[in-house]
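For reference, the structure is listed below as structure tokens.
Here, each number is a calculation from the coordinates, and none is a lab measurement. Note that the structure is predicted; figures quoted are calculated from it, not measured. Glycine also receives a Cβ, built like all others from the backbone with ideal geometry; neighbour counts cover every protein chain displayed.
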Amino acid sequence: LEREVLALIKSAVDLTLYLLTDDAYLNEEKFWRVIEDCLKNGVTAFQYRAKGKKGAEMYREGMRLKELCEKHGVSYFVNDRLDLGMALNADGVHVGQEDLPLEVVKKHFPGKIIGLSATNYEEGITGIKAGADYLGLGPIFPTSTKEDAAPPCGVEVIRKLKEEFPNTPVIAIGGIDKEKVSEVIRAGADGIAVISAVFGAESPAKAVYELRETIIKAKE
Ligand code: TZP
Ligand code: MG
């Protein structure tokens, strides 16, 4: 029963519009206001992602972000780092192909949502079979945000994965903006994860609002 209850709680988490941080966009005090505006305007999940920072700073920033997410009822994830996710009691941890193995993360963070990055169909299938709670699939399109990004995989991979495993949420990432979002949702993506479409926008809060509206329309 406990397992069923946990599965229900997990499936209630809304990954429709998943906002990630990037070092380039978390370097000035003004971004804290920007982030809070985004959390108020339609972001459903948030991931603290910091590639060039050490534990002490990540703990401080991560705690501050978690408190903001809690205040606005937005699910909170930590990228790469199981230890930080545990220390912050995040809602989940998101790992890549080169982080701690999914099985290990699941074992040490029971009841939490463990997401996995997949860059293509094979990684996606393997990850779903290994029990990823959701996939972050991409880059779907070219992106200039992630330096070591794999080649873009395109939207057909979303369609194929969802055909085979309709129950595992697939969150599309990489180069997704207002113009591209309908295409990925219609291909079957459960949600989108974005950085520059929001933080690079003149009005990030407006970008969030518009992305959310477009997703809802594309799902109809
Ligand atoms: N993983 C695959 S692409 C990417 C990550 C973290 C970057 C996404 O950033 P953007 O600006 O939304 O393309
Ligand atoms: Mg990673």
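Sparsely packed loop sites in the range 1-90 (the GluC sites (Glu not before Pro) outside DSSP H, G, I, E and B with at most 10 other Cβ atoms within 10 Å) comprise 28, 29.
Could you pull out the GluC sites (Glu not before Pro) across the range 113-218 that fall in loop regions by DSSP (anything but H, G, I, E, B) with no more than 12 other Cβ atoms inside 10 Å? Hits after loop and neighbour filter: 147, 179, 202. Ordering 182, 79, 110 by the projection of their Cα atoms onto the charge dipole of the chain, which places +1 on the Cβ of Lys and Arg and -1 on the Cβ of Asp and Glu, puts 110 at the extreme positive end.
Basic side chains Lys and Arg get +1 at the Cβ, acidic Asp and Glu get -1 at the Cβ, and with that the dipole of the range 1-157 about its Cα centre reaches some 360 debye. Label zone (residue 165, point 7 Å along Cα-to-C-beta; backbone nitrogen cut-off 18 Å) within the range 189-204: 189-193. Here residue 206 and residue 1 are evaluated by their C-beta separation; at R0 = 41 Å the FRET efficiency comes out at 0.40. Restricting the range 9-97 to trypsin sites (Lys or Arg not before Pro) that sit in a DSSP loop and have at most 15 other Cβ atoms within 10 Å of their own Cβ leaves 51, 53, 54. Projected label points at residue 219 and residue 59, each 7 Å from Cα along the beta carbon direction, are separated by 3.7 nanometres.
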